[in-house]
Amino acid sequence: MTNFQEMKLYEAFGESAPQAALQIAIVLQTGSIRAMQMFTITTSLLSLTLAASEIMLMMDTKDQEMKEPTWKKTWILVFPVMFFVVVPRILTLSLIMAYTKEYVLIFVLVFVCLNMVINYDHL
């Protein structure tokens, strides 16, 4: 199950997150949104939030190696909270992408390195 969790993590954060961030950055740059863009942004954010919720609920703990999350715990408790964690992060990344344009990789690299330095004690 941990291999499945890892694949789900890479799929969600490697596909849905960049797609949502790029679509939102395009909307911010052009100033207009079409129905298809709204649909792809919504589905990307929802799939990213759902994957993050399920991964968090299925993580190993000291008492249990693997948990089976119930739909109530996933959809009623964790999903709404995780939505308010995921969406601001994607919007922040989208704003960085929209305003820095070709320098986005430099800003993201600095952002990741700065976070690693700040959280060095926890790594």
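The values are calculated or read from the model by the stated rules, or taken from the named source; none is laboratory data. All values derive from a computational prediction rather than experimental measurement. Because the Cβ atoms are built from the backbone with ideal geometry, glycine has one as well, and the counts that use them run over all protein chains shown.
Here is a yes/no grid of residues against (1) hydroxyl-bearing (Ser, Thr, Tyr); (2) part of a helix (DSSP H, G or I); (3) free of Cβ contacts under 8 Å to residues at least 24 places away in the same chain:
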| position | (1), (2), (3) |
| --- | --- |
| GLU68 | no, no, yes |
| ILE76 | no, yes, yes |
| PRO88 | no, yes, yes |
| SER94 | yes, yes, no |
| MET97 | no, yes, no |
| TYR103 | yes, yes, yes |
| LEU109 | no, yes, yes |
| CYS113 | no, yes, yes |
| ASP121 | no, yes, yes |
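Within region 74-123, the residues that satisfy the criterion of being polar (S, T, N, Q) and surrounded by 13 or more Cβ atoms within 10 Å (Cβ to Cβ) are THR74, SER94, THR100.
Suppose the filter is more than 26 Å from GLN5 (Cα to Cα), of a type in the set (Phe, Trp, Tyr) and at pLDDT 90 or above; does TYR120 pass it? Answer is no for this residue.
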